[in-house]
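The values are calculated or read from the model by the stated rules, or taken from the named source; none is laboratory data. Keep in mind the model is a prediction, meaning the values are calculated, not measured. Note: ideal-geometry Cβ built from the backbone for every residue, glycine included; neighbour counts use all protein chains shown. Just so you know, the surface numbers come from the protein's heavy atoms only, side chains and all, with ligands and any DNA or RNA stripped out. Shrake-Rupley method; radii C 1.70, N 1.55, O 1.52, S 1.80 Å.
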Amino acid sequence: MRLDDPRRNDPAQYDALADQWWETSGGFAMLHWLAASRAEHVPPSPGPGALLVDLACGGGLMAPHAARLGYRHVGVDLGGPGLAVAARHGVLAVRGSVLAVPLRDACADVVVAGEVLEHVEDDVAVLAEAARVLRPGGTLVVDAIAATRLAALVAIRIAERLPGGPPPGIHDPALFVDRRRLLAAADRLGLDLRLVGLRPSLRDVVAWRRGRRDVVRMRPLPTTAVLFAGYGRKRDAPPPGDGGGTVAAAVHPHVRSGT
């Protein structure tokens, strides 16, 4: 598939591969690795009812990590088949766009937006929605692919041909993320955000290929020019007595959960 192929970044690809979401050696293998990496930067739940909102949750791969850390897990996605898989793994699945998240303001203690910013026309709009639903003092975790020639080479021409890499055509380099723009937008939105480069552990990849590991650990890189993560928090302390209420209260009444 060529870089200029209009079929790139087609959401229908995720629906077609829905049965592979939880296969650690399938087409979404690296998403398992990234989910585990995200979880390393999510603090333990501050108390009962704490909410983790997972934007573009897909099949709900953050579910075991959210449960282990003590969060109620709400996943937002447009893809019905993926949401159905997520629901079977304990996620409160909400069908909706990451550009207009159907959740109330300041309802989430943690927002995760993994592998989504490079799939939308307006990544800043997704960041704005993440900031809106995040409580003051809450944690934000994102990851994405940088808008560089090196990223296009590595993430598409190389990674799409490697075991564990993304399915061919799943990414469009025209949508890769401008890191300076992202950081400037984060600051305007009241988010303190730092970016860190990521790469899979080569030793773990060898072990994974031999069937000795289910998940490959992600390692930090000094450069964010290919795959990067963003770790941050929403500025300002919450006002006294402020509370987000129950998970049901966080979801707008007209929104129906995925099944």
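Could you check how many residues of region 184-223 are part of a loop (DSSP other than H, G, I, E, B) and either open to solvent by 30 Å² or more (accessible area, probe 1.4 Å) or free of Cβ contacts under 8 Å to residues at least 12 places away in the same chain (or both)?
Qualifying residue count for the region: 10.
Scan Leu69, Leu31 and give me the residue that is touching a Pro at 6+ places or on another chain (Cβ under 9 Å), open to solvent by 20 Å² or more (accessible area, probe 1.4 Å), more than 21 Å from Arg104 (Cα to Cα) and at pLDDT 95 or above. Spell out how you get there, then give the answer.
Values: Leu31 fails: at pLDDT 95 or above.
Going through Leu69, Leu31 in turn, just one is touching a Pro at 6+ places or on another chain (Cβ under 9 Å), open to solvent by 20 Å² or more (accessible area, probe 1.4 Å), more than 21 Å from Arg104 (Cα to Cα) and at pLDDT 95 or above: Leu69.
Checking Val111 against (1) farther than 21 Å from Ala144 by Cα; (2) at pLDDT 95 or above, which single condition isn't satisfied?
Only one criterion is unmet by Val111, namely (1).
Table: residues versus (1) more than 18 Å from the chain's Cα centre (by Cα); (2) at pLDDT 95 or above; (3) more than 26 Å from Ala108 (Cα to Cα).
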residue: Val196; (1), (2), (3): no, yes, no
residue: Thr224; (1), (2), (3): no, yes, yes
residue: Arg235; (1), (2), (3): yes, yes, no
residue: His252; (1), (2), (3): yes, no, no
residue: Val255; (1), (2), (3): yes, no, no
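What's the total number of residues in region 169-183 that are surrounded by 17 or more Cβ atoms within 10 Å (Cβ to Cβ), in a helix (DSSP H, G or I) and not aliphatic (A, V, I, L, M)?
Residues flagged as surrounded by 17 or more Cβ atoms within 10 Å (Cβ to Cβ), in a helix (DSSP H, G or I) and not aliphatic (A, V, I, L, M) within region 169-183 amount to 2.
Across region 128-145, what is the total count of residues that are over 14 Å from Cys107 (Cα atoms) and either crowded, with 24+ Cβ neighbours inside 10 Å or in contact with a Lys or Arg (Cβ under 6 Å, 6 or more places away or on another chain) (or both)?
5
Output the number of residues of region 127-158 satisfying the condition of being in contact with a Leu (Cβ under 9 Å, 6 or more places away or on another chain) and not in a strand (DSSP E or B).
Selection size over region 127-158: 14.
For residues that are touching a Gly at 6+ places or on another chain (Cβ under 7 Å) and in a helix (DSSP H, G or I), scanning just region 72-97, find the one that is surrounded by the most Cβ atoms within 10 Å (Cβ to Cβ).
Ala86
Within region 160-194, which residues are at pLDDT below 90 and either over 19 Å from the mean Cα position of the chain (by Cα) or closer than 30 Å to Pro136 by Cα (or both)?
Answer for region 160-194, where residues must be at pLDDT below 90 and either over 19 Å from the mean Cα position of the chain (by Cα) or closer than 30 Å to Pro136 by Cα (or both): Glu160, Arg161, Leu162, Pro163, Pro168.
Given the conditions (1) without any contact (Cβ under 8 Å) to a residue 60 or more places away in the chain; (2) crowded, with 17+ Cβ neighbours inside 10 Å, report the number of the one that Asp105 does not fulfil.
(2)
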